[in-house]
Each structure stands twice: as C-alpha cells, then as structure tokens.
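I have placed the structure first, in the form of structure tokens, so that the comments after it can refer back to it.
The values are calculated or read from the model by the stated rules, or taken from the named source; none is laboratory data. A quick note: this is a predicted structure, and the numbers were derived from the prediction, not measured. All Cβ positions, even for glycine, are placed from backbone atoms using ideal geometry, and neighbour counts span all protein chains on display. Side chains included, ligands, DNA and RNA excluded: accessible areas come from the protein's heavy atoms. Shrake-Rupley method; radii C 1.70, N 1.55, O 1.52, S 1.80 Å.
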Amino acid sequence: MLSTTIKEATKEAHQQLEKKVVQKLKAIRSNQDYADLLRHFYAYFNHLEKVIAPFITVDVLPDHAQRRNSSFLKSDIEALGGDINSLPETTVPEINNLIQALGALYVMEGSIMGGSIIVQMLAKGGITGGVSFFSGYGPATGQMWGAFISILNASAANDEEETTAAHTANDTFNHFAAVFAETRTAD
C-alpha cells in the first residue's frame, strides 16, 4: 500500500522535521513567538499548495475544499496579532504530476495527526489562541485522514509510481525542515 511505502521511506526525514518543530515549540514564550512559528508553516504550506493545486482537484479529492489549508494558518497568525509580511523564503519539491502532488499532500495532511499534541504543548505554556490549524478536523480528524489515505492508496498504478510518491514526500519533509533553518525573508 502506498501509504505504508511513504511512511517507511520518510521515517528519518519525518523525525528530523518533528525534532526541529518540537524544539521551536519548546522555545515559545509568547503569542509573538508562536505567531513567528506559524509564519514558517504558512510560508511553506502556502507555497506548496500553489504547486500542487493543478493536480489536486475535486475529481481526485472530492472534499478538498473542506480540508485544512494555509488560510487557517493566516487566520491564526492574525488572531495572535501577527501578519504574513516578510515571510521566510521557501523551496518546494518538484511537482509535475498527480502522484508527486499526492506524495506532498501526504505530508501536509499528516501534519494534522500531531496537531492535538501541539495544541496541548502550547496550552501548557499558556498559549490557547491561534490553534485552528493544529486543531485539525476536531473529532473528524481520523475520518478525514482515512479518507485521504484511501484515495492515496488507490492512486499508484505500479511500483514506480509508489517510489515517485515516496520520493516526493521525503523531499517535502526535507524542504519543510529547511524553512526552520532559513533566516532570509521573501519580500
């Protein structure tokens, strides 16, 4: 199954990104700190959404319009008193087809699964606002993830396509991790 192939192929890159994000989360001391972290998420997710948009249509993912996206991040940033000016620069993987787009979307949708843990970490530090993105789909999170995984698993026609999707997912994790090392901003 494609989801299993991707999970196994991206384990190291996933752990490296997770380590960076957790370090950033632990350093949050204010709404401004949290808004800055969200700006990194927004810069990357917004860029990646634009690149996958031609391939992820309602024909492929019928509930695409109901799925969490960078507009939630923007709203969270603004709720915390921040803005999306001077965002960190981002690079994204090469996406030229549906299989690559689904590999990237696996990473984006998968970020939902750890969202509740992030919300709990923030609450322990006194941050309770600006959590709509990390709150995922609430009680429907598991169902939405399952629906996506069903579509993902039905999409690869052969081993080559599975390898392509896994490679793109791995690149998606790596490019995302690079955003947190970036100090330049895109004007």
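Of the conditions (1) under 26 Å from Thr90 (Cα atoms); (2) of a type in the set (A, V, I, L, M); (3) assigned to a helix (DSSP H, G or I); (4) without any contact (Cβ under 8 Å) to a residue 40 or more places away in the chain, Ala140 clears all except one; give me its number.
(1)
I need the full set of residues from region 94-134 which are outside any helix (DSSP H, G or I) and within 13 Å of the chain's Cα centre (by Cα), in order please. Full working, then the answer.
So the first thing to find is which residues in region 94-134 are outside any helix (DSSP H, G or I), and the list is 94-97, 111-114, 125-134.
Once the filter is applied, which keeps residues that are outside any helix (DSSP H, G or I) and within 13 Å of the chain's Cα centre (by Cα), region 94-134 yields Ser111, Ile112, Met113, Gly114, Phe133, Phe134.
Given the criteria free of Cβ contacts under 8 Å to residues at least 40 places away in the same chain, in a loop (DSSP other than H, G, I, E, B) and out of contact with any Lys or Arg (no Cβ under 6 Å at 6 or more places or on another chain), does Gly82 qualify? Walk me through it before giving the result.
Numbers: free of Cβ contacts under 8 Å to residues at least 40 places away in the same chain: no; in a loop (DSSP other than H, G, I, E, B): yes; out of contact with any Lys or Arg (no Cβ under 6 Å at 6 or more places or on another chain): yes.
Spelling it out, it is not the case that Gly82 is free of Cβ contacts under 8 Å to residues at least 40 places away in the same chain, in a loop (DSSP other than H, G, I, E, B) and out of contact with any Lys or Arg (no Cβ under 6 Å at 6 or more places or on another chain).
Condition check ((1) in contact (Cβ under 8 Å) with a residue 24 or more places away in the chain; (2) acidic (Asp, Glu); (3) closer than 18 Å to Leu38 by Cβ; (4) assigned to a helix (DSSP H, G or I)) across all residues:
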| position | (1), (2), (3), (4) |
| --- | --- |
| Gly136 | yes, no, yes, no |
| Trp145 | yes, no, no, yes |
| Ala169 | yes, no, no, yes |
| Ala177 | yes, no, yes, yes |
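Report yes if Thr164 is within 24 Å of Phe55 (Cβ to Cβ) and surrounded by 18 or more Cβ atoms within 10 Å (Cβ to Cβ), otherwise no. Before the answer, list the steps.
Details: within 24 Å of Phe55 (Cβ to Cβ): yes; surrounded by 18 or more Cβ atoms within 10 Å (Cβ to Cβ): yes.
Judged against the criteria, Thr164 is a match.
Could you list, in sequence order, the residues of region 41-58 that are open to solvent by less than 40 Å² (accessible area, probe 1.4 Å) and touching a Leu at 6+ places or on another chain (Cβ under 8 Å)?
Across region 41-58, the qualifying residues are Phe41, Tyr42, Ala43, Phe45, Asn46, Ile52, Ile56.
Does region 65-83 contain at least one residue that is open to solvent by 30 Å² or more (accessible area, probe 1.4 Å), closer than 24 Å to Ala147 by Cβ and of a type in the set (Lys, Arg)? Spell out the reasoning first.
Here is the first cut: in region 65-83, the residues open to solvent by 30 Å² or more (accessible area, probe 1.4 Å) are 65-66, 69, 71-72, 74-75, 78-79, 81, 83.
From the residues that got through so far, the ones that are closer than 24 Å to Ala147 by Cβ too are 65-66, 69, 71-72, 75.
Still in the list and also of a type in the set (Lys, Arg): none.
No, that holds for no residue.
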